[in-house]
Structure formats: C-alpha cells, structure tokens
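Colleague: Input: one structure, supplied below.
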Amino acid sequence: MKRPFDIVAAAAALIVLSPIFLIAALGIRLSSRGPVLYRATRAGKNGRPFVMHKFRTMRIEQGNRASAITAAGDDRVFAVGRLLRALKIDELPQLYDILRGEMSLVGPRPEALEIVRDHYAPEHWETLAVRPGLASPGSIYNYTHGEKLIGKENPERDYLEKLLPLKLALDEVYVRQAGFVYDLRIIVRTAMVIVQIALGKRRFADPPEMKAIERIVPARNI
C-alpha cells in the first residue's frame, strides 16, 4: 500500500502545489543568481547514492567558509530562501524524487554519503533499510528543535554531536514501528508544525517517539 499511496499522493501534490512551485522559482530567480534547483547526492535505500532535489535557498558565492550545515541566521541564505526554508517549501521538489522511486512521503531523512560513512554506528544502518522520506519523526524534531542545537561557531560539530544522534534514534523508532496509519499521523503532524511555525510558534514539546529511544537505541548514541 505504501508505494501506490506515495505515487498517487505525490502526483496529486505536484498538481495542486504547482502555483507554489512557480512562485518559488520566480522568487529565487529574482533574488539570487544561479539555478532554481539544488541537487545533492544522498544515501538512499540500502545506502545507494541518489540525487535529491530542493529549491536553492543559498547564494552561489560562499567563499572559503562554506559549511555543509546551515546554522540559524546563516547569512548565505538569501531572503526568499529563508522564507522557503521556514515554510519547508524548499523541500517540495522531492515530490519528484518520490515519483521516480528514490524517496517516500514518510521515511528517515537522507543524509550525505560522507556522514553515513564516517558517523553512522552499525545500528544506524537500520534507517537505510527503507526508502528515505520527505517527513519523519527525525525531520520534525530537526524542524522544531534544530536551531536551538546548532550554533554559528561550529555548525558541523553541533550537528554531528547534538542533533544527528537524536534524528537517527527517532527515525529508527519510525522504522521499527512503521505502518500506513503511522505514516498518515506523521504527515498530519508535519503539516501542523509547518502551519504553527508560519503563525509564529517557536516552542514545541519533544516528539512522542522520544520516549521510545532509550528502549531500542543504545544509550551511547543519545
């Protein structure tokens, strides 16, 4: 049921949201020199590399200070890009990645190949047993708590030490409890969080999956 639902829902969303795609593309073109889309190689199902698509939100010229991790208030992000990020519109091109079978609507968020290679413990490979997703407990936590954990001084270190272990643990909870009803709940939760943030909410409780982490993920990873 999961794959047919992904295809139907992603195709419907692409049609319904096409005006937003056009507005986002126009805003990027008028705000920053460079391509509309950003293409990034990520680890897919079973660790196989694939190209993930997003709307570009950063300036092309980044100099020698380029970081793979975006901190709160990162000045590489142009004004329209900041809005696209805040509303998660920058992620919408991944609906195309869902249609072509590389991603699912719900699943662990895909990471860069070097992060998988250098920072995944053996138990984290469980999150690669399924297609990566557009939404997951880990992505919701990143959206609601990530800016508080990642500082400007060393965003890569903060991400790897403070945020990544929690994201992986939360997504491991998802993989072990995955089901169609659970997927629908995550989609609804993600939509609600986006609306709440758009309306100005900034403080969120921990996701319910947080209670399950200590039972199934070794303590050294949290």
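The values are calculated or read from the model by the stated rules, or taken from the named source; none is laboratory data. What you are looking at is a predicted structure, and each value in this text was computed from that prediction instead of being measured. Using ideal geometry, Cβ is built from the backbone for each residue, glycine included, and neighbour counts are taken over all protein chains shown.
Colleague: Sort through G44, G101 and tell me the only one that's under 25 Å from D183 (Cβ atoms), surrounded by 18 or more Cβ atoms within 10 Å (Cβ to Cβ) and not hydrophobic (A, V, I, L, M, F, W, C).
Modeller: When all the criteria are applied, what remains is G44.
Colleague: Here is a follow-up. In segment 144-151, is there at least one residue being of a type in the set (S, T, Y), out of contact with any His (no Cβ under 7 Å at 6 or more places or on another chain), in a helix (DSSP H, G or I) and within 30 Å of L26 (Cα to Cα)?
Modeller: yes
Colleague: Which count do you get for residues in segment 13-33 that are over 16 Å from R82 (Cα atoms) and over 21 Å from the mean Cα position of the chain (by Cα)?
Modeller: Residues meeting the conditions: 4.
Colleague: Any idea which of (1) under 23 Å from A198 (Cα atoms); (2) modelled with pLDDT of 95 or more is the one G44 doesn't satisfy?
Modeller: (1)
Colleague: Right, here's the next one. Looking at segment 55-66, is at least one residue surrounded by 12 or more Cβ atoms within 10 Å (Cβ to Cβ), at pLDDT 95 or above and among the charged types (D, E, K, R)?
Modeller: Taking every residue of segment 55-66 in turn, at least one turns out to be surrounded by 12 or more Cβ atoms within 10 Å (Cβ to Cβ), at pLDDT 95 or above and among the charged types (D, E, K, R).
Colleague: So which pairs qualify, if the first residue must be in segment 197-213 and under 28 Å from V175 (Cβ atoms), the second must be modelled with pLDDT under 90 and assigned to a loop (DSSP other than H, G, I, E, B), the Cβ gap must be under 8 Å, and the two must be at least 6 apart or on different chains?
Modeller: Sorted first by the residue in segment 197-213, then by its partner, the pairs are I213/I222.
Colleague: Residue by residue through segment 114-135, note down the ones that are aliphatic (A, V, I, L, M) and buried (at least 16 other Cβ atoms within 10 Å of the Cβ).
Modeller: I115, V116, L128, V130, L134, A135
Colleague: Could you tell me how many of the residues in segment 154-209 are farther than 27 Å from H119 by Cα, hydroxyl-bearing (S, T, Y) and within 15 Å of the chain's Cα centre (by Cα)?
Modeller: Going through segment 154-209 one residue at a time, the tally reaches 0.
Colleague: Taking the residues in segment 153-181 that are surrounded by 12 or more Cβ atoms within 10 Å (Cβ to Cβ) and without any contact (Cβ under 8 Å) to a residue 40 or more places away in the chain as candidates, determine which candidate is farthest from I213 (Cα to Cα).
Modeller: This residue is N154.
Colleague: Quick one: V51 ticks every box in (1) crowded, with 18+ Cβ neighbours inside 10 Å; (2) modelled with pLDDT of 95 or more except a single one, so which number is it?
Modeller: Of (1) crowded, with 18+ Cβ neighbours inside 10 Å; (2) modelled with pLDDT of 95 or more, only one is false for V51: (1).
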